[in-house]
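Below is one structure, written out as structure tokens; the observations come after it.
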Amino acid sequence: MSYRRSRSHQLNPHHRQRRGRGMNARTEPSEGETDAIARPPLVRELLLVAGLFLVYKFGRQLAAGHTGEAFGNAHRVWDLERAVHLPGEGSVQNLLLHGDTLVHLANTYYATVHFPATAAFLIWLYLRRPGHYVWARRVLAAVTAAALLVHLAFPLAPPRMLAAAGLVDTAKVYGPSVYGPPQTDHLSNQFAAMPSLHFGWALMVAIGLIVATRSRWRWLWLLHPLLTLTVIVGTANHYWLDAIVATLMLGIALVVIHPPRRTAATPDPADTAAPASAPAARTEENVLVGAGR
């Protein structure tokens, strides 16, 4: 009988180790696991994204030209921010105006980072996390479509155009600038300040990378929307409320459109082999028990 207990004691820890490895394989997916959703066809995605971009650019042009309404709304937004005691945009701009180099870098960031960063984000997801790519593309499309409706219903002049704000048009003074005079600029709608898609897209990039990756450093992606917020306010291209509205719209989209669930990793080979080896272990134990008798 003592020999039987000793043999069982030797078998049980090994069996528990197998079970432990199997549990870890099921509950701790590896970084390299793939999404269950297949990668969408590349040509279709390129046409879809290009089509959405063209629709958005055309829609923004439909909202252009409402100069009087845009400046009236700007005064209302400025007064509302002061009424609810939001910090003045000028406090952020003063930080940038300490040196020409800093404000020039801020203008360059505003002009060059917005679209390339979002495009790089979508390309990386498409190649490495196709399921998360579909989710992110849907969220960005929903937020952009909702923003277009707001641009049509609520044209808004940016604070750099509002004399009451007392802010400097940093792009015009220090460069580089992506905008021309509103009267002759036919490539963009400068009265589409609310919501700020610069901030909304940057925040989605950070959230998407945090959700789709497992690195302990992934939370540092939040520096991207934080820096974007500093730039869009400091350069007087947006009000605080523009970023707040963009955040609310993104939050609603994220509630409605859920990210994909991660699939379980491939089980440990030792775990899959356990059911086949278990009967042999039981047979060996029975033989030993009989010998003890």
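Return only the number of the condition from (1) open to solvent by 20 Å² or more (accessible area, probe 1.4 Å); (2) more than 26 Å from the chain's Cα centre (by Cα); (3) at pLDDT below 90 that Gly175 does not satisfy.
Here Gly175 clears every test but (1).
Which of the residues belonging to segment 82-97 are open to solvent by 80 Å² or more (accessible area, probe 1.4 Å) and more than 28 Å from the chain's Cα centre (by Cα)?
So in segment 82-97, the residues open to solvent by 80 Å² or more (accessible area, probe 1.4 Å) come out as 84-85, 94-95.
Val84, His85, Asn94 - these are the residues of segment 82-97 that are open to solvent by 80 Å² or more (accessible area, probe 1.4 Å) and more than 28 Å from the chain's Cα centre (by Cα).
So in segment 70-128, with the set limited to residues that are outside any helix (DSSP H, G or I) and aliphatic (A, V, I, L, M), which one is nearest to Ile232 (Cα to Cα)?
So the first thing to find is which residues in segment 70-128 are outside any helix (DSSP H, G or I), and the list is 84-88, 97-99, 113.
With aliphatic (A, V, I, L, M) added as a condition, the list becomes 84, 86, 97, 113.
Numbers: Val84: 20, Leu86: 16, Leu97: 14, Val113: 12 Å.
The extreme case among them is Val113.
In the set Asp79, Asp100, which member is open to solvent by 60 Å² or more (accessible area, probe 1.4 Å) and at pLDDT 95 or above? Break it down stepwise before answering.
On the way: Asp100 fails: at pLDDT 95 or above.
Asp79 is the lone residue from the list that is open to solvent by 60 Å² or more (accessible area, probe 1.4 Å) and at pLDDT 95 or above.
Working only within segment 106-157, note down all residues that are open to solvent by less than 10 Å² (accessible area, probe 1.4 Å) and in contact with a strand residue (DSSP E or B) (Cβ under 9 Å, 6 or more places away or on another chain).
Of everything in segment 106-157, those that are open to solvent by less than 10 Å² (accessible area, probe 1.4 Å) and in contact with a strand residue (DSSP E or B) (Cβ under 9 Å, 6 or more places away or on another chain) turn out to be Ala147, His151, Pro155, Leu156.
Quick one: would you say Leu250 is farther than 18 Å from Asn94 by Cα, crowded, with 20+ Cβ neighbours inside 10 Å, in contact with a Phe, Trp or Tyr (Cβ under 6 Å, 6 or more places away or on another chain) and modelled with pLDDT of 95 or more?
no
Considering only helices (runs of 4 or more DSSP H) fully contained in segment 129-219, which possess at least 3 residues that are in contact (Cβ under 8 Å) with a residue 60 or more places away in the chain and not aliphatic (A, V, I, L, M)?
Numbers: elements: 130-153, 170-174, 197-212.
Where helices (runs of 4 or more DSSP H) fall fully within segment 129-219 and carry at least 3 residues being in contact (Cβ under 8 Å) with a residue 60 or more places away in the chain and not aliphatic (A, V, I, L, M), they are 130-153, 197-212.
List every residue pair whose Cβ atoms lie under 6 Å apart, where the two residues are 6 or more positions apart in sequence or sit on different chains, the first residue falls within segment 220-233 and is farther than 13 Å from Val103 by Cα, and the second residue, located anywhere, is surrounded by fewer than 18 Cβ atoms within 10 Å (Cβ to Cβ) and of a type in the set (A, V, I, L, M).
Listed by first residue and then by second, the contacts come to Trp221/Ile210.
The values are calculated or read from the model by the stated rules, or taken from the named source; none is laboratory data. Since we're looking at a predicted model, the values are computed, not measured. A quick note on method: Cβ atoms are made from the backbone with ideal geometry, for glycine too, and the neighbour counts reach across all protein chains shown. These area figures cover heavy atoms from the full protein model, side chains too; ligands, DNA and RNA do not enter into them. Shrake-Rupley method; radii C 1.70, N 1.55, O 1.52, S 1.80 Å.
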